[in-house]
Amino acid sequence: MKKFILSTVSVILTVSLFICCAPVSLADDSALPDPAAPFRIHVTVNGDAKTEKGFCWYTADETDSLVEIEGVDAANIAYEDVFEWEGNYCHKAKATGLEPGREYTYTVGSKDVRSPEGRFVTDDGDDSINFIAVADVQASSAENFEKGADTVKAALAAMPDAEFIINAGDFTNDSTNEEWDLYAKSFDPINLSNTLVPVAGNHDGLGVWDWFDNMFSLDTSESVQTRNGVNYSFDYGNAHIAVLNTNDLLSISLAQLKWLKNDMNSTDKDWKIVTMHKTPYTLGKDGKWPDALYLQKSLTKAADECGVDLILSGHDHQYLRTKPLKGNKLSDDGTTYVLLGTAGSKRYEVRKFLAGSFMKTEFINTLIIQKNGYGNYWNGSDFNDTKPENIGGCFNTINIKGGELTFNSYILSDEMTDENGERLVTNTDTFTLTKETGKNKATFSGDNTTSELEYALGVIPSLGALAAYAFGIWLPKFLFIVPRILESVIVDDTF
């Protein structure tokens, strides 16, 4: 009898436990993300900025693709085939026939599951442009992706009428599914309503083939190759902007340099702007290697020949602006180079052994560096002139109005707050470029594509040019400063 009572009680408790837990299990299942829900949503410049946009998103399950744009006929949207990539499904589309100078709302997804509503604007074609430039979120953790997203949010607060955002590369640290998912969790709400101009960083392309091209819908028609990044260009207002891929044969191939020169010579726009990841001018840790220094020989020469006004880059996680340079010399009509700082939390302090060797300090107009927990403003002679408010995420705003380009750089402080208790935003650099408009003339027309054969035939000459520079110019300079490097390692613990 006792055994029967115990068995009965055991059955009752088991049934009661199942009944109590069942709703919890159902609730947990319902809380799981819909495998058909779109994520990693990007709206990108793709073709004519006045009338076209690119869309890319992912789903966990294979679904149909559907972009719905307010007031746009479905026939104006072309879709690429859905394909599996690293366990998820990539969707790409391109909208054409849009109206210039208009704000649109849109959703992406499938006929059954839609994204939240997003927005984008098209170029109105006039000579007034506002845009944001950031670089190097390069995060691995949710916390650091959120810090990068906070920097971009601060940029949008500073320039709410920005028409697009240039991200100069290194979106993640290792370009894995896990990191891109963390990136999406922090950045999808931003990217949903802002047009992106993405640049391939070394963490987005070198050794992680095809990730960059598979994350964005871009115009690849003139890209010299797409395995480790994409080079492309577009007009916006009275500016022509070229995006380079500095993963191309470790730095830049001869084919891409040819493409850049033809591209810049094919425009009559007033402003010529280039954005890329690696930088030719830096005092950061990557400035000591031949791949970046090769740009100081090859890329700058192409920029000089084409009359490029401004070059924006990332890679070395500090903010640096040069004076106008031409032929690697100071020149009033030269190109201004800006190393955009990092929107993330990984920052590089200056390598003093590079000053005067790989980069002349007289080229530097402004330098913001990080050292020993402080943000530093280089005052022209002292690399230890500390300003605590200068430690944080860096963002930059650019306004073009006719013949005047105004650039502002800001730091969103990690810890300091303003009088309202908000995180302090400090305007660390401002400059203006001016020029007479209507003077540029197009001198190139025709085919600017590179065939696979042409690219293959140029691989050995491209690597040869890089090797000749590395062993003939870089190595002697490097060996000459070895004593200074050893001092830096021993005294400052930096290399």
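Show the residue pairs meeting these rules: Cβ distance below 6 Å; 6+ apart or different chains; first residue within the stretch 431-458 and surrounded by 12 or more Cβ atoms within 10 Å (Cβ to Cβ); second residue part of a strand (DSSP E or B) and at pLDDT 95 or above.
Phe431/Phe407; Leu433/Leu405
Which of the residues belonging to the stretch 24-81 are acidic (Asp, Glu), at pLDDT 95 or above and within 23 Å of Pro189 (Cβ to Cβ)? Spell out the reasoning first.
The initial filter retains those residues of the stretch 24-81 that are acidic (Asp, Glu), namely 28-29, 34, 48, 52, 61-62, 64, 68, 70, 73, 80-81.
With at pLDDT 95 or above added as a condition, the list becomes 48, 52, 61-62, 64, 68, 70, 73, 80-81.
Scanning the stretch 24-81 gives Asp61, Glu68, Glu70.
For the stretch 327-351, give me the residue count where each residue is buried (at least 18 other Cβ atoms within 10 Å of the Cβ) and either among the charged types (D, E, K, R) or not assigned by TED's automatic domain parsing to the domain that holds Gly287 (or both). Give the derivation first.
Here is the first cut: in the stretch 327-351, the ones buried (at least 18 other Cβ atoms within 10 Å of the Cβ) are 334-345, 347-351.
Now restrict to residues that are either among the charged types (D, E, K, R) or not assigned by TED's automatic domain parsing to the domain that holds Gly287 (or both): 347, 349, 351.
Looking only at that region, the number is 3.
Given the options Ile485, Ile490, name the one that is in contact with a Phe, Trp or Tyr (Cβ under 8 Å, 6 or more places away or on another chain) and part of a helix (DSSP H, G or I). If you could, list the steps in order and put the result at the bottom.
Values: Ile490 fails: in contact with a Phe, Trp or Tyr (Cβ under 8 Å, 6 or more places away or on another chain).
On inspection, the qualifying residue turns out to be Ile485.
Anything in the stretch 399-440 that is acidic (Asp, Glu), out of contact with any helix residue (DSSP H, G or I) (no Cβ under 9 Å at 6 or more places or on another chain) and not in a loop (DSSP other than H, G, I, E, B)? List them, or say none. Walk me through how you get there before you give the answer.
Initial filter on the stretch 399-440 (acidic (Asp, Glu)): 404, 414-415, 418-419, 422, 429, 436.
Next, from what is left, pick out any that are out of contact with any helix residue (DSSP H, G or I) (no Cβ under 9 Å at 6 or more places or on another chain): 404, 418-419, 422, 429, 436.
Across the stretch 399-440, the qualifying residues are Glu404, Asp429.
Yes/no matrix, rows are residues, columns are (1) within 19 Å of the chain's Cα centre (by Cα); (2) farther than 23 Å from Leu453 by Cβ; (3) part of a helix (DSSP H, G or I); (4) not acidic (Asp, Glu):
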| residue | (1), (2), (3), (4) |
| --- | --- |
| Ile241 | yes, yes, no, yes |
| Thr246 | yes, yes, no, yes |
| Leu257 | no, no, yes, yes |
| Thr267 | no, yes, no, yes |
| Lys278 | yes, yes, no, yes |
| Asp286 | yes, yes, yes, no |
| Tyr294 | no, yes, yes, yes |
| Glu305 | no, yes, yes, no |
| Val308 | no, yes, no, yes |
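Taking the stretch 45-71 as the search range and keeping residues that are small (Gly, Ala, Ser) and within 23 Å of the chain's Cα centre (by Cα), which one is surrounded by the most Cβ atoms within 10 Å (Cβ to Cβ)? Break it down stepwise before answering.
Restricting attention to the stretch 45-71, the residues satisfying the condition of being small (Gly, Ala, Ser) are 47, 49, 54, 60, 65, 71.
In the following step, the residues that additionally are within 23 Å of the chain's Cα centre (by Cα) were identified as 47, 49, 54.
On the way: Gly47: 17, Ala49: 25, Gly54: 20.
It comes out as Ala49.
Pairs only if they're at least six apart or on different chains, beta carbon under 8 angstrom, first in the stretch 415-430 and β-branched (Val, Ile, Thr), second assigned to a loop (DSSP other than H, G, I, E, B) and modelled with pLDDT of 95 or more; list them, first residue then second.
none
If you go through the stretch 204-248 one residue at a time, how many are surrounded by 23 or more Cβ atoms within 10 Å (Cβ to Cβ) and at positive phi?
Going through the stretch 204-248 one residue at a time, the tally reaches 2.
Which strands (runs of 3 or more DSSP E) does the stretch 72-161 wholly contain that include 2 or more residues that are under 24 Å from the mean Cα position of the chain (by Cα)? Quick ask: steps written out before the conclusion?
On the way: elements: 77-79, 83-85, 88-95, 103-109, 118-121, 128-134.
Here the list reads 88-95, 103-109, 118-121, 128-134.
The values are calculated or read from the model by the stated rules, or taken from the named source; none is laboratory data. Small disclaimer: the values here were computed from a predicted structure and weren't measured. Virtual Cβ from ideal backbone geometry, glycine too; neighbours counted across all protein chains shown.
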